[in-house]
Every structure is written in C-alpha cells, then in structure tokens.
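*Asks:* Just passing along the structure, written as structure tokens.
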Amino acid sequence: MATVRQFQVTFDCADPERVARFWCEALGYVVPPPPPGFESWTAFDQSLPAESQGSAFACVDPTGVGPRLFFQRVPEGKVVKNRVHLDVRVGTGLVGDERLATLQAESDRLVALGAVQGQVLLADGFNESCINMQDVEGNEFCLD
C-alpha cells in the first residue's frame, strides 16, 4: 500500500506576499509564525540579502488539514492558462439556484479582494454550476 504524503501547493508570482494574503482571505488560511529568533516576517525578510527580500511567502490552514500554500517570486509573468488549478469548494452539497447564489456571493466577496470573475458555467444535467475565477495575479481557479 502506498504511503500518503503531505504536499504543498506552490504558486509562481511577481508579488508573493500580496498573492498569499489574497489566498489567506479566500480560504481562511493564516500566515504561520516567523522563524525562531524573529518577532515578525518583516524582520526575517530584512535579514536576507537584498536580492532575496520579498521573494517568498507562505500561508497555512489553521486547522492543519489543508496543504501549505507557498508563493515564490519569478521573473517572468504569467503567459498561458494554468495546467493545474484550485477548485475552491464553496457549493458542496448544494444544487440549482441555491448553489448558484452561493457561488455568486463568494465570487462577489473575492472580486472585492481583487479577484476577477470569469465565465459562469451553469449546470448541464451532468455537472453542477461553477464559476471560473482569477486571483490577484491572474492565476485561474474555480468556485465549485
């Protein structure tokens, strides 16, 4: 039998802290405590060489259940559609108009945080409704 392994999801981005803080708000995640010996992440960041400052940030599920999210600065911008994306499960167990209203309310909340709503995919008899979204740097995700 295979061993279940923990994993983190890594985002390439231009502004790691900005994207991480968006996902904290979107998912109810938190910024973990800074490394031992530092009273804040700012103090830790300022201890790094200038070229490394602001190059990474992370957030975690406060319950310890979900994966750690890691955000790393890369020089190139996003050019094409993500090959992997997150489905944010806000409509689980809901169907029809109730599901669509729940998805739209969450979309409205995330748009206020800087996300962009894309296409609303309506239920088709096989799949339930979902909404395509983009985070503050254009990474695609779905409200499902």
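The values are calculated or read from the model by the stated rules, or taken from the named source; none is laboratory data. Note that the coordinates shown come from a computational prediction; the quantities given were computed from them, not determined experimentally. Cβ atoms come from the backbone with ideal geometry, glycine included; neighbour counts cover every protein chain shown. Protein only, heavy atoms only, side chains kept; ligands, DNA and RNA dropped before computing areas. Shrake-Rupley method; radii C 1.70, N 1.55, O 1.52, S 1.80 Å.
*Asks:* Excluding VAL111 itself, calculate the net charge of residues whose Cβ lies under 13 Å from the Cβ of VAL111, where each Lys or Arg counts +1 and each Asp or Glu counts -1.
*Replies:* Numbers: positive: ARG109; negative: GLU25, GLU106, ASP108, ASP135.
Residues near VAL111 contribute -3 overall.
*Asks:* Angle, helix 96-112 long axis vs. longest principal axis of the chain, Cα atoms, 0 to 90°, nearest 10?
*Replies:* Approximately 30 degrees, to the nearest 10.
*Asks:* Counting heavy atoms of the protein chains only and a 1.4 Å probe, report the per residue accessible area for segment 1-136 as a whole number of Å².
*Replies:* Details: 9020 Å² over 136 residues.
Value returned for segment 1-136: 66 Å² of accessible area per residue.
*Asks:* FRET efficiency for ARG89 and ARG5, Cβ-Cβ distance as r, R0 = 25 Å, nearest 0.05?
*Replies:* Numbers: r = 22 Å, r/R0 = 0.86.
The pair ARG89/ARG5 has a calculated efficiency of 0.70.
*Asks:* Taking 8 Å as the Cα distance limit and 6 or more residues as the minimum spacing, I'd like the relative contact order of segment 1-124 as a percentage.
*Replies:* Details: 130 pairs, mean separation 35.2, N = 124.
Rounded, it is 28 percent for segment 1-124.
*Asks:* Based on Cα coordinates alone, diagonalise the gyration tensor for segment 84-144, multiply each eigenvalue by 5, take square roots, and list the semi-axes in whole Å, largest first. Walk me through the numbers before you get to the answer.
*Replies:* Details: eigenvalues 74, 29, 16 Å².
Those come to 19, 12, 9 Å.
*Asks:* Evaluate the charge dipole of the chain about its Cα centre and quote only its size in Debye, nearest 20, assuming +1 on the Cβ of each Lys and Arg and -1 on the Cβ of each Asp and Glu. Spell out each step's value before the answer.
*Replies:* On the way: 11 positive and 20 negative charges, 65 e Å.
In debye, rounded to 20, the chain gives about 320.
*Asks:* Same structure, new question: In whole percent, and with a 1.4 Å probe on the protein chains, what portion of the accessible area of segment 66-144 is carbon and sulfur?
*Replies:* Values: 2640 of 4790 Å².
After summing per-atom areas, the C and S share lands at 55 percent.
*Asks:* Per residue of the chain, what 222 nm ellipticity follows from adding -39500 (n - 2.57) for every DSSP H run with n ≥ 4, rounded to the nearest 500?
*Replies:* Details: 3 runs with 35 residues, N = 144.
Result for the chain: -7500 deg cm²/dmol, rounded to the nearest 500.
*Asks:* Could you tell me whether segment 60-111 comes out rounded, prolate or oblate from its Cα gyration tensor? Rule is a ≥ b ≥ c as square roots of the eigenvalues, rounded for a/c under 1.5, then prolate if a/b exceeds b/c, otherwise oblate.
*Replies:* Oblate shape, in that a/c is at least 1.5 and b/c is the bigger or equal ratio.
*Asks:* Here is a follow-up. Please work out how much length the chain gains when fully extended from ASN132 to VAL120, using 0.36 nm per residue of separation minus the C-alpha to C-alpha distance, in nm with one decimal. Mind showing how you got there, number by number?
*Replies:* Values: separation 12, 0.36 × 12 = 4.32 nm, distance 0.64 nm.
So the extension gain works out to 3.7 nm.
*Asks:* Can I ask one more? Tell me the accessible surface of CYS130 in square angstrom (1.4 angstrom probe, heavy atoms of protein chains only), to the nearest ten.
*Replies:* 20
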